[in-house]
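Only one structure is covered here, and it is reproduced in the block below.
Throughout, read-outs are computed from the coordinates displayed, never taken from laboratory work. These numbers were taken from a predicted model, which means no experiment stands behind them. So basically every Cβ, Gly included, is an ideal-geometry build from the backbone, and we count neighbours across all protein chains shown.
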């Protein structure tokens, strides 16, 4: 829990470094206004972690900072519209999640700083992880780049491993690049990987049973 608080405090700090300090903003009669572009619902645990990170840094909603939150409620097609709405509100910084949120934010503005928290490939949206360029920065867990490492670890744990099944959601555009990384690693490890589509949770049990036969 403590690690999560530190993680989100860092996420918050990335954005606050780009906006006026609350005290200075208050003197000018304007509170810093943060825009949160959420992929899911207000009950999303990351959002409370975000707000907790703010409180630990001394920022209190309505007192020395304002949060404008907009939620796609799982319908990611709404993200561009919601991003434009936040831009019209003239927020000082945009907090977004994943490549979908970053893409929507970059399409909506070239001026407002964007802070992204992602575990997805961002190659088409930034120059590089080390130097993103443009108006975007943030944190990533680089999960896709670890796909090959996970396969290598599996090979060490399972004696005589030769074939590996990969379950993936074809509607998730990030999984194709991740699967290619696994294929590259598999060739080096003399393993065979085969992908199986799972579009929704109801298919997961059926697919798992099929693979066991």
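Alpha-carbon geometry of the range 41-94: the Rg and the Dmax are 12.4, 35 Å, given in that order. Potential lengthening of the chain between residue 190 and residue 44 amounts to 48.5 nm, from the contour at 0.36 nm per residue minus the alpha-carbon distance. When Rg and the Kirkwood radius Rh are both evaluated on Cα atoms of the range 36-130, their ratio Rg/Rh stands at 0.96.
The range 34-58 and the range 62-121 have their alpha-carbon centroids 13 Å apart. For a paramagnetic label modelled on residue 202 (point 7 Å from Cα along Cα→Cβ), amide N atoms under 11 Å away are absent within the range 164-194.
How would you rank 119, 141, going from fewest to most other Cβ atoms within 10 Å of each one's own Cβ? Numbers along the way, then the final one.
Numbers: 119 17, 141 12.
Listed from fewest to most nearby Cβ atoms, that is 141, 119.
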